[in-house]
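Throughout, read-outs are computed from the coordinates displayed, never taken from laboratory work. In this text, all values refer to a predicted model and were calculated from it rather than measured experimentally. Quick reminder, even Gly has a Cβ in these numbers, built from the backbone with ideal geometry, and neighbours come from all protein chains shown.
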Amino acid sequence: MKPLSLYIHIPFCLRKCHYCDFLSAPAEEAVKEKYLAALLAEMEREARHYGGHQVRTVFIGGGTPTCMAAEATAMILGRLRELFAFGPPAETEITIEANPGTVSLDKLKQYREAGISRLSIGLQSADAAELKILGRLHSWNDFRKTYEAARRTGFHNINVDLMAALPGQTKATYAATLAKVVALKPEHISAYSLIVEEGTPFYDRYGPGQEGEASLPSEEEEREMYLLTASFLQQHQYARYEISNYARPGFACRHNMVYWQRGDYVGFGLGAASMVADTRWSNLKDLSRYLDRPEQLKEAIQILTTSEKMEEFMFLGLRLMEGVSREQFRKCFNQDIEAVYGAVLAGLEQQKLITVGSNIALTPYGTDISNYVMRQFLISDI
C-alpha cells in the first residue's frame with residue numbers, strides 16, 4: 001500500500017499571540033462542537049479516495065489543538081482508524097501540538113490512550129519578559145509542569161518549539177533559554193527566527209518604519225543566535241537534520257520529513273493543505289463557509305508541472321542536511337540532475353555553497369544563506 005500522512009487542523013486557541021499569522025482564533029464551545037462535526041464529515045467524505053494507502057503519520061496542529069476537549073481528539077483519531085488503513089501502532093507516528101497550561105495529567109493520559117505518541121510543546125522562550133512581549137499566556141514554570149506531566153504519562157518523544165531574534169532579546173537571554181531546554185533532554189528541538197508578518201500586532205509595532213523596529217536584534221545579533229543554536233545543540237548530541245530542526249538519534253519528525261521529501265499527505269480542516277500524486281490543493285480559509293458549506297471545501301487546486309515538481313524537489317530536499325539524492329531525482333524525472341541543473345550545480349559548488357556527490361547538500365555556508373541557494377533552482381530563471 002502507498003504511504004500516506006494526515007494533517008488535522010484545529011483553528012482554535014485561548015488567545016491570539018501578537019506575532020501569529022496562523023489560521024487560528026479563540027472560539028465559543030458551540031463553534032468548536034460545530035467544527036468537530038464538520039471535520040468528521042469531511043474525513044468521512046474524503047476517505048474513500050485513499051483505499052490503496054496506509055497511514056504512517058498523523059499530525060494534529062493549529063492553533064492550539066489541546067484547547068479542545070481530549071474526548072474530541074480521541075473521537076477524531078478513532079474515526080480516522082475506522083476510515084483509513086493504519087500501519088502497526090509502534091510504526092505510526094501521531095503528533096499533537098500543545099501549549100503549556102492547556103493540558104492536565106488526565107488529559108495527557110487520554111491522549112496516550114488515544115494513541116498519540118509524540119507531543120510538540122510551544123515554549124518559544126524561557127524568559128518571562130520575552131514571553132510577555134510575544135503575548136504568550138504561560139510562564140517557564142507552566143512549561144516545566146506540562147513537560148514533567150508528559151513524561152509521567154509516558155511520552156518518550158517530545159519536541160520543544162523555540163524562537164530567536166525576538167524584540168529585546170539578546171544572545172545571552174537566548175543562550176539561557178537553550179540551556180534550560182537542553183537540561184530537560186527533550187528528543188527534538190525546533191528553533192526558528194521570528195518573522196514579523198503583515199497583519200499581526202507585531203507588524204504594527206515592529207514592522208518597517210515602526211517605533212519598535214529598533215528593539216529587534218540586528219542582523220549580526222540574529223546571525224549569532226542562529227550560529228549558537230547549531231553549535232550548542234550539536235554539543236549536546238542533537239543532530240541537525242533540517243535547517244531549523246534538531247533531534248536525538250531516531251527522533252527526527254517523520255511527519256515533516258514527508259513534506260520535505262514530497263510524499264503524499266492529506267489535510268483535513270480549515271485551510272488545511274494537501275498533496276497527492278503531484279496534485280496540490282487547500283481547503284477554504286473562512287470558518288463560517290467551512291461550517292456551512294462542507295461539500296465545497298477545496299480551493300486553489302493545482303496539478304504541478306514537471307518543472308514545478310523539479311523545483312520543489314530541490315527547494316524542499318535541500319532543507320535537509322542529507323540533501324537530495326541524484327538517484328531519486330533520476331527515478332522521479334527519468335533524467336540526470338545535470339541535464340537540468342548542471343550549470344547551477346557547478347556554480348554553487350564553485351561558490352562553496354553545496355557539495356556534489358551521490359547526494360547534493362548545502363555546505364554550512366550554504367545553509368546560512370539557504371534562501372539565496374534555493375532561488376538558483378527556479379527553472380524559469382535558468
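On a straight-distance basis, which lysines could pair with Lys34 in a cross-link, Cα separation under 22 angstrom, same-chain partners fewer than 8 positions away excluded?
Lys16, Lys107, Lys285, Lys298
In angstroms, what radius of gyration and Dmax does segment 186-248 have, counting Cα atoms only?
14.7, 41
Could you name the lysines whose alpha carbon sits less than 30 Å from that of Lys331, not counting residues in the same chain fewer than 8 places away?
Here the lysines satisfying the reach criterion relative to Lys331 are Lys2, Lys309, Lys352.
Could you work out the helix-only [θ] at 222 nm for the chain, with each DSSP H run of four or more residues adding -39,500 (n - 2.57) and the total divided by the number of residues, to the nearest 500 deg cm²/dmol?
So the helix-based figure for the chain works out to -12000 deg cm²/dmol.
Every cysteine in the chain with no other Cys Cβ under 4.7 Å from its Cβ, please list them in numeric order.
Within the chain, the cysteines lacking a partner Cβ under 4.7 Å are Cys13, Cys67, Cys253, Cys332.
Can you tell me which lysines have their Cα less than 18 Å from the Cα of Lys185? Leave out same-chain residues fewer than eight positions away.
Of all the lysines, those that pass the test against Lys185 - Cα under 18 Å, at least 8 places apart if same chain - are Lys145.
Normalised by the residues of segment 305-382, what does the relative contact order come to in percent, with Cα pairs under 8 Å and at least six apart? List each step's numbers first, then the result.
Numbers: 80 pairs, mean separation 25.8, N = 78.
Normalised by residue count, the contact order of segment 305-382 is 33 percent.
Report the dimensions of segment 72-174 along its three principal axes from the alpha-carbon atoms, largest first, rounded to Å.
In descending order, the Cα extents are 49, 24, 22 Å.
In whole Hz and in residue order, list the ³J(HN,Hα) couplings for segment 87-98 that follow from phi through the Karplus curve 6.51 cos²θ - 1.76 cosθ + 1.60, θ = phi - 60°; x for Gly and Pro.
x, x, x, 5, 9, 10, 8, 10, 10, 10, 7, 9
How large is ³J(HN,Hα), in whole Hz, for each residue of segment 361-374 in order, when computed from phi with the Karplus curve 6.51 cos²θ - 1.76 cosθ + 1.60 and θ = phi - 60°, using x for Gly and Pro?
9, 6, 7, x, 5, x, 5, 4, 10, 4, 4, 5, 4, 4
What ranking do Cys332, Cys20, Cys253, Cys67 get, fewest neighbouring Cβ atoms within 10 angstrom at the top?
Listed from fewest to most nearby Cβ atoms, that is Cys332, Cys20, Cys67, Cys253.
If you put +1 on each Lys and Arg Cβ and -1 on each Asp and Glu Cβ, how big is the dipole of the chain around its Cα centre, in Debye rounded to 20?
Rounded to the nearest 20 debye, it is 1140 debye.
What list of ³J(HN,Hα) values in whole Hz, one per residue of segment 186-196 in order, does the Karplus curve 6.51 cos²θ - 1.76 cosθ + 1.60 (θ = phi - 60°) give from phi, with Gly and Pro shown as x?
Rounded to whole hertz, the list is x, 6, 8, 9, 10, 10, 10, 7, 4, 10, 7.
In the chain, which longest range has no trypsin sites (Lys or Arg not before Pro) that are both DSSP loop (not H, G, I, E or B) and surrounded by at most 16 other Cβ atoms within 10 Å?
Here the longest segment lacking exposed loop sites spans 17-284.
When only alpha-carbon atoms are used, what values of Rg and Dmax, in angstrom, describe the chain?
Using the Cα atoms of the chain, the pair Rg, Dmax is 21.2, 60 Å.
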